[in-house]
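The values are calculated or read from the model by the stated rules, or taken from the named source; none is laboratory data. Just so it is clear, the model here is predicted, and its values are computed rather than measured. A quick note on method: Cβ atoms are made from the backbone with ideal geometry, for glycine too, and the neighbour counts reach across all protein chains shown.
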Amino acid sequence: MPRTICYVEANKDGTIGGSHYCLLDLVKHLDRARFSPHVVFFHDHSLVDAFRQCAQVTILKKPAGLRIPGSFGKLPPVRLFQRFVNAVLFKPLEWLTAWRTLRRISPDLLHMNNSPTDWSWIDSAVRLGIPIFSHIRGCWTLTPAHKRLAASCKRIIAISDFVSQNFQKQTGPMPSVVTVLDGIDIANFLEKPRRTREEVLSELSLPENCLLIGMVGNIKRWKGQHVFLEAMEQLVQQHGNVYATIVGGVSNIPDDKLYHSELILFATTDRLATRVSFTGFTSDPSYMSAADICVHASTDPEPLGRVIVEAQLLGKPVVASAHGGPLELVEDGVTGCLTAPGNSVELAQKLEELISSPTLREKLGRQGRAYACDKYDIRGYADRIMQIYDE
């Protein structure tokens, strides 16, 4: 009998990110003779149907909770009040939901796809005697309680050495932590139907001879879309044929909505008017495929950067922030370009070099693709995860 694995996608803000796609690729490539997947989400989204084709799916009601937005919500007394209300009123309800769900699914393993610090699920699994595995896909400040929860996990899978090191700086050495770079179903990704460049440019009302620079990622301040726009503002003064497209969804978090409004306003300034397109969220790779250059401009360290790998697979030259996971994906001048985080002037300079040299763009794109195809194939990734389960 195959063992049932309950995967919990911890994202609760309504956006779809790399964690969803990585989990989908993993679930598709599990050995069904050994493992039967059941995936839990906290919101409905456009990938649910794809998950249902390869796994059982449960969608829980988004956990309620008090969240005070804006700068007022960041004041220490207000944050303390918020934590108190959530701990007394809402945390017990989250725990009861997790406990009931695990009792119903009755899995042999619990795999937290995003967090080794979710008290409700980890405590429920411990009480029910279910072994816990967890991915860490980000960098957090860990409290003593978080460290105790992480110690309950049989294995903690870091998506990059950067994430692993950041985690263990806070916990001390943990034998349970192992780095496994995310895999991508390369053949499926490259075979996805894509519109032609001409069709994309026509949709965006851009001239056929333009040079298009694309940025893909959820709209969040730390993702650095504003840094990209600041760089574009410098570039358009010298290049009349340079345009930008920003692909990414916006969560329901008030701070994210505010940031999105700021970006829209910035893009309507005299220099950028008609030069910047926002597509919203889409899983359509056509926009990335139509771009001549792809940018990753995070101001905080990115845990890995799946969109960088996707751009490399499409043969696109990538310019990325030189910190966090991108340092493990991009070798400056070989498989892409690196720039100082948050430095729009340096980003503009790197883009200027690529704009001025089609030969350099072709070289970096070709070398980046060879690197990504060699290192990030889903089959090796899925085999390693299943080996960890067996261990």
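Take the residues of the stretch 357-382 that are among the polar types (S, T, N, Q) and in a helix (DSSP H, G or I): which is nearest to the chain's Cα centre (by Cα)? Before you say what the answer is, go through the steps one by one.
Taking the stretch 357-382 and keeping what is among the polar types (S, T, N, Q), we get 357, 359, 367.
Checking the rest, the ones that are also in a helix (DSSP H, G or I) come to 359, 367.
Details: Thr359: 31, Gln367: 23 Å.
Looking at the filtered set, the residue picked out is Gln367.
Could you grab me the full set of residues in the stretch 285-324 that are small (Gly, Ala, Ser), closer than 22 Å to Val180 by Cβ and part of a loop (DSSP other than H, G, I, E, B)?
Correct list: Ser298, Gly305, Gly324.
Out of the residues in the stretch 122-157 meeting the condition of being in a helix (DSSP H, G or I) and without any contact (Cβ under 8 Å) to a residue 12 or more places away in the chain, tell me which one is nearest to Arg103 (Cα to Cα). Steps first, answer last, please.
Taking the stretch 122-157 as the starting set, the residues that turn out to be in a helix (DSSP H, G or I) are 122-128, 144-150.
Still in the list and also without any contact (Cβ under 8 Å) to a residue 12 or more places away in the chain: 144, 148.
Values: Pro144: 28, Arg148: 23 Å.
That would be Arg148.
Find all pairs meeting these conditions: Cβ atoms under 9 angstrom apart; at least six residues apart or on different chains; first residue within the stretch 93-120 and on the phi > 0 side of the Ramachandran plot; second residue surrounded by fewer than 21 Cβ atoms within 10 Å (Cβ to Cβ).
As it stands, the answer is Ser106/Thr4; Ser106/Leu128; Ser106/Ile130, since those pairs meet every condition given.
As an exercise: evaluate Val200 against (1) surrounded by 18 or more Cβ atoms within 10 Å (Cβ to Cβ); (2) in a helix (DSSP H, G or I); (3) outside the structural domain of Arg275 (by TED's automatic domain parsing) and give the number of the one condition it does not meet.
Of (1) surrounded by 18 or more Cβ atoms within 10 Å (Cβ to Cβ); (2) in a helix (DSSP H, G or I); (3) outside the structural domain of Arg275 (by TED's automatic domain parsing), only one is false for Val200: (3).
Of Ser251, Ser261, which residue is assigned to a loop (DSSP other than H, G, I, E, B), small (Gly, Ala, Ser) and under 30 Å from Lys12 (Cα atoms)?
On the way: Ser261 fails: assigned to a loop (DSSP other than H, G, I, E, B).
After ruling out the rest, the residue left standing is Ser251.
If I ask for residues that are of a type in the set (Phe, Trp, Tyr) and either buried (at least 19 other Cβ atoms within 10 Å of the Cβ) or within 26 Å of Ile157 (Cα to Cα) (or both), which ones from the stretch 82-117 would you list?
As a first pass, look at the stretch 82-117 and keep what is of a type in the set (Phe, Trp, Tyr): 84, 90, 95, 99.
Within the stretch 82-117, Trp95, Trp99 meet the criteria.
Of all residues being in contact with a helix residue (DSSP H, G or I) (Cβ under 6 Å, 6 or more places away or on another chain) and of a type in the set (Lys, Arg) in the stretch 118-177, which is surrounded by the fewest Cβ atoms within 10 Å (Cβ to Cβ)? Just the residue, please.
The extreme case among them is Lys147.
Take the residues in the stretch 325-356 that are under 20 Å from the mean Cα position of the chain (by Cα) and in a helix (DSSP H, G or I), then tell me which one is nearest to Leu229 (Cα to Cα).
Pro326
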